[in-house]
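Enquirer: Below are the C-alpha cells for one structure; questions will follow.
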Amino acid sequence: MKYLRLFLLSFSPLFTMAQGQPTAPLENVVITSDGKKTEVRTNEKGELIINVSKKDVQKFKARGVVRYRDFGARGNGKTDDIDAIAATHAFANQHKLQVKADDNASYYISGKNRTAVIQTDTDFGKAQFIIDDTGVEDRTAQVFLVSSSLQAYKLEGISSLKRNQKKIDVSLPGTCIITVTDSNVKRYIRFGANQNNGASQTDIFIVDKDGNVDMNAPIIWDFDQITDITALPIDKDTLTITGGRFTTIANNAESKYTYYNRGIAIKRSNVVVKGLEHRVTGEGDHGAPYGGFLLVSDCSYVTVRDAILTGHKVYETIGRAGVTVSMGTYDLSVNRALNVSFVNCRQTNDINDSRYWGIMGSNYSKNLLYDGCVFSRFDAHMGVANATIRNSTLGHQGINAIGSGIFTVENTTIRGRSLVNLRSDYGSTWQGELLIRNCTFIPAGGKPISASLIGGSYSGQHDFGYTCYMPERITIEGLRIDDSKHPEAYNGPAIFGNFNADMKDDSYVEKYPYVRTREVILRNVTIASGQSLRLSDNPFMFKDVKVDTE
C-alpha cells in the first residue's frame, strides 16, 4: 500500500497582529492507493482519509484533470461537499493535476473545520459555491488555501539590517521573500477609539539567490537587532485560478472583533485569479466582521483580475477606548505581501452606500495596484510602501493610507471626504511623495461639505512608534474638483485639512514634531464652484509650505 500524509495549516486572519486572533489547528490528510474503490471518509481524529483505486489513479493521471465529482461531491446545493473538495485538491497536489469544477454544480460548504489546499491550476468555471457561516467550527479556518509546496526556513547569521540596504550577506537557493521582525521595537502604536500598544517592527522584502535586495520594494526600517528572520522561496511558475461564483451566507455571531476568515487565502507567490465572483447574503442587524474573502499574505506577484466582490454590512461594538466604534470588515485583504494588483475589478453593492464598509484593507505591504477598479475604498493600515491607483473610481471611503515611497493616483475619480486621507489613527504619516494626475474629486460624493484635498489629523502629543511625516512633495497635474454642491458660507476647497486646530501660533509645542510638506506643485486645477484653492483652514500650520502654481 502506498500512502502520502500531508500536513496542512489553516492560517489566521489579516488582523491577527492587531486583534490577537487565535490560529487554526494543524490538520492532516492521508492518501492511499489500493485495489479498493475510490472513497473519502473522516476518521475518529477528524483526519481526511482518501483512498484512490489504482484504476482511477491511472485514469486521472492520463486525463490530467480531476473533478470534485470524482471524489464524491454531489453538487446539489444541499449535501456538504467540503470533504470531497479538499480530497480532490489533495490528490491533485500529489500528482500535479489540474482541478475543474462542473459548471452546472452547486457545491454546499458547511462550517466544518476543513481547508482545501490548492497547489495546482484550478478552474471553478461557472459552478456555484455556497459557504454557510451560520454555524462554523473554526472561524479562522479558510475554505481554500492557495499554498506553495516550497517551505520557509530560518535564516542564520544575520543580526541587523539597515533601511534601504541593497544586499544582505546570505546565499539562497533562488529568489526568496524575506520576513524579518524585531519584537523589542513597537511600531504603529494606534491612537483613538481602537488604540493599542503597537506591533513588533516587521518588514518583508525580496532578495535574489546572491542576497541582492529588490529595491523596488526596499527595506523600510533599521533593524538594530533581529528576533526572527525567515526566507520563503518564490515559485517560478504561475498558478492560475479561474471563475467560480461564491456566495457567503453571513454569520450571525455577536458583533465584536472576532474576525471570520472563510474564503480563499493566497499564501503563494506568482498567482493569478481571474473572473471570480463573491456575493454575501443573510446579513442581519448584527454579526461578526470578516477579515477578507480574498486574503493575500506572505507572498509576491499576485494579480486578481475581472473579479466581482461584495462589501460587508457595517456593525458596531465597543472599542478599546470604551466607546462605540464601527468595525472594519473586508472582502479584500492584503497582509505582508508584495506586488499585489487588482485589475478591472468591481463590487456588487453601491460604492457610495455607507451602510457597507470599505471593501479593502492592508498591512505591511509594498507595491499595491488598483487598475480599472470600481471600489468603495483603498486602505493601508499599518503602512504601505509604494502604491498606485489608476483608471478607477473610489466611493464613500475614498483613499486612506499611511506609509512611504511614491503614492500615484491617475485617471481616477475619488468620491471620499478628501482626495487622499492620511489615517490619523496611525499618525497621518507618508514619508515620500504624492503624485496626482488627471483626476476628478467629488467631495463626499456630492454632499455639501467644505472640501480639502489632503485630510488627516496630528496633535503632536502621541508616540506612534516612529517620526510622522506629511508627503515631502505633492504634485497635482490636472485635477477637476466638483464642489458644485457646497455648503453656505463656503470659502472654496483647501489643499490641507485642519490637521491641528489647536496649533494657532508658535506657543503650541509638539512633543513629537510633525515633518510637514515642503512643496506643493499645482498645474491645471479646475474648481466647479468657481472658488479659489486655499492653503488650509489653519494656514499657520502650513505657512512654510511652498505652493508652486506656475
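Coordinate-derived values only; no laboratory data. Predicted, not measured: the structure shown is a model, and the values here were computed from it. In this analysis, Cβ positions are derived from the backbone assuming ideal geometry, glycine residues included, and neighbour counts consider all displayed protein chains.
Enquirer: Which percent of Cα pairs goes in each bin when the distances of region 410-550 are cut into 5 angstrom slices starting at zero?
Expert: Percent of Cα pairs in each bin: 2, 10, 20, 24, 21, 14, 8, 3, 0.
Enquirer: On full extension of the chain, what length is gained from V509 through D548, given 0.36 nm per residue of separation minus the C-alpha to C-alpha distance? Walk me through the numbers on the way to the answer.
Expert: Details: separation 39, 0.36 × 39 = 14.04 nm, distance 2.84 nm.
Length difference between fully extended and current span is 11.2 nm.
Enquirer: Which entries in K54/K274; K55/K96; K55/K267 show an alpha-carbon gap greater than 26 Å? Write out the running numbers ahead of the final one.
Expert: Numbers: K54/K274 34 Å; K55/K96 18 Å; K55/K267 33 Å.
Listed pairs above 26 Å: K54/K274; K55/K267.
Enquirer: Would you be so kind as to identify which of L172, V213, F223 lies farthest towards the positive end of the dipole of region 153-233, taking Lys and Arg as +1 and Asp and Glu as -1 on Cβ and the Cα centre as origin?
Expert: Towards the positive end, the residue furthest out is F223.
Enquirer: Let me ask you something else. If each residue of separation counts as 0.36 nm, what is the full-extension length gain between S160 and R63 once their alpha-carbon separation is subtracted? Walk me through the intermediate numbers first.
Expert: On the way: separation 97, 0.36 × 97 = 34.92 nm, distance 5.12 nm.
Taking S160 through R63 to full extension adds about 29.8 nm, to one decimal.
Enquirer: To make sure I understand the rule: partners must be aspartates and glutamates, Cα under 15 Å from the Cα of K100, and not fewer than 8 residues away in the same chain. Which ones qualify?
Expert: Of all the aspartates and glutamates, those that pass the test against K100 - Cα under 15 Å, at least 8 places apart if same chain - are D70, D81, D121, D123.
Enquirer: Here's something else I'd like to know. For every other residue with a beta carbon closer than 10 angstrom to the beta carbon of T393, add +1 if it is Lys or Arg and -1 if Asp or Glu, then tell me the sum.
Expert: Values: positive: R346, R415; negative: none.
Summing Lys and Arg as +1 and Asp and Glu as -1 gives +2.
Enquirer: Okay, moving on. Hey, got the Cα dimensions of region 153-233 along the principal axes, in Å, largest first?
Expert: Sorted from largest, the Cα extents of region 153-233 read 45, 25, 20 Å.
Enquirer: Say each of D169 and E47 gets a label point 7 Å from the Cα, pointing the same way as Cα to Cβ; how far apart are those two points in nm?
Expert: 4.5 nm
Enquirer: All other residues with a Cβ under 13 Å from the Cβ of R473 taken together, and with Lys, Arg as +1 and Asp, Glu as -1, what is their net charge?
Expert: Working: positive: R516, R518, K546; negative: E433, E472, E477, E519, D548.
Every neighbour counted, the sum reads -2.
Enquirer: Please count, across region 402-550, the pairs of lysine residues with Cα atoms under 26 Å apart that sit 8 or more places apart or on different chains. Show your work: numbers first, answer last.
Expert: Values: K447/K485; K504/K543; K504/K546; K511/K543; K511/K546.
Lysine pairs satisfying the spacing and distance rule in region 402-550 number 5.
Enquirer: Can you give me the long-range amide H partners of I359? Hydrogens built in the peptide plane at 1.01 Å from N, cutoff under 5 Å, separation of 5 or more residues or another chain.
Expert: S376, R377
Enquirer: Using only Cα atoms and rounding to the nearest 10 degrees, what angle (0 to 90) does helix 54-63 make with the longest principal axis of the chain?
Expert: Between the helix axis and the principal axis of the chain, the angle is about 50 degrees.
Enquirer: Separate question: Given a Förster radius of 45 Å and the C-beta distance between D208 and D350 as r, what FRET efficiency does 1/(1 + (r/R0)^6) yield to the nearest 0.05? Write down the numbers at each step before the final one.
Expert: Details: r = 45 Å, r/R0 = 1.00.
So the FRET efficiency works out to roughly 0.50.
Enquirer: Report, in degrees rounded to the nearest 10, the 0 to 90 angle that the Cα long axis of helix 82-95 makes with the longest principal axis of the chain.
Expert: Relative to the chain, helix 82-95 is tipped by roughly 80 degrees.
Enquirer: How large is the charge dipole for the chain, taken about the Cα centre, if only the Cβ atoms of Lys, Arg (+1) and Asp, Glu (-1) carry charge, to the nearest 20 debye?
Expert: Working: 63 positive and 60 negative charges, 284 e Å.
The dipole of the chain has a size of about 1360 debye.
Enquirer: Which FRET efficiency value, to the nearest 0.05, do you get for R523 and I308 by plugging their Cβ-Cβ distance into 1/(1 + (r/R0)^6) with R0 = 45 Å?
Expert: Calculated value: 0.80.
Enquirer: Per 20 Å bin, what is the whole-percent P(r) computed from every C-alpha pair distance within the chain?
Expert: Result returned by the calculation: 21, 52, 24, 4, 0.
Enquirer: Let me ask something else. How long are the semi-axes of the ellipsoid equivalent to region 370-452, from square roots of 5 times the Cα gyration tensor eigenvalues, in whole Å, largest first? If you can, show how the numbers build up before the last one.
Expert: Numbers: eigenvalues 71, 46, 23 Å².
They are 19, 15, 11 Å, listed largest first.
Enquirer: Sorting check: for 218-227, 82-91, which peptide has the highest mean count of neighbouring beta carbons within 10 Å, and how do the rest follow? Walk me through the numbers before you get to the answer.
Expert: Values: 218-227: 16.8, 82-91: 24.7.
The densest-packed peptide leads the list: 82-91, 218-227.
Enquirer: Show me 119-131, 364-376, 182-194, 149-161 ranked by packing, highest mean number of other Cβ atoms within 10 Å first.
Expert: Details: 119-131: 20.4, 364-376: 23.4, 182-194: 18.2, 149-161: 12.7.
Answer by packing, highest mean first, reads 364-376, 119-131, 182-194, 149-161.
Enquirer: Now, a different point. Can you quote the Å³ per residue value for the convex hull of the Cα atoms in region 94-200, rounded to an integer? Let's see the in-between values first.
Expert: Details: hull volume 24.4 nm³, N = 107.
Hull volume normalised by residue count: 228 Å³.
Enquirer: I158: net charge of surrounding residues, Cβ under 14 Å, Lys/Arg +1, Asp/Glu -1, itself excluded? Mind dumping the intermediate values first?
Expert: Numbers: positive: K154, K162, K167; negative: E156, D169, D182, D203, D222, D224, D228.
After counting each charged neighbour, the total is -4.
Enquirer: Expected output is a single nm value to one decimal: the length gained when fully extending between D237 and S326, i.e. 0.36 nm times separation in residues minus the C-alpha distance. What is it? Each step should come with its number before you reach the end.
Expert: On the way: separation 89, 0.36 × 89 = 32.04 nm, distance 4.12 nm.
Separation in residues times 0.36 nm, less the Cα-Cα distance, equals 27.9 nm.
Enquirer: Quick one: 3J(HN,Hα) in Hz for region 347-356, Karplus 6.51/-1.76/1.60 with θ = phi - 60°, rounded, Gly and Pro as x.
Expert: 10, 6, 9, 4, 5, 9, 8, 6, 6, 10
Enquirer: Among the chymotrypsin sites (Phe, Trp or Tyr not before Pro) in region 451-526, which ones are in a DSSP loop with at most 13 other Cβ atoms within 10 Å of the Cβ? Mind listing them?
Expert: Values: sites: Y458, F464, Y466, Y469, Y490, F496, F499, Y508, Y514; in loops: Y458, F464, Y466, Y490, F499, Y508, Y514.
Here the sparse-neighbourhood loop sites are Y508.
Enquirer: Lysine pairs in region 153-233 with Cα distance under 20 Å, only those 8 or more apart or on different chains: how many are there?
Expert: Working: K154/K162; K154/K167; K154/K209; K162/K186; K162/K209; K166/K209; K167/K209.
Lysine pairs satisfying the spacing and distance rule in region 153-233 number 7.
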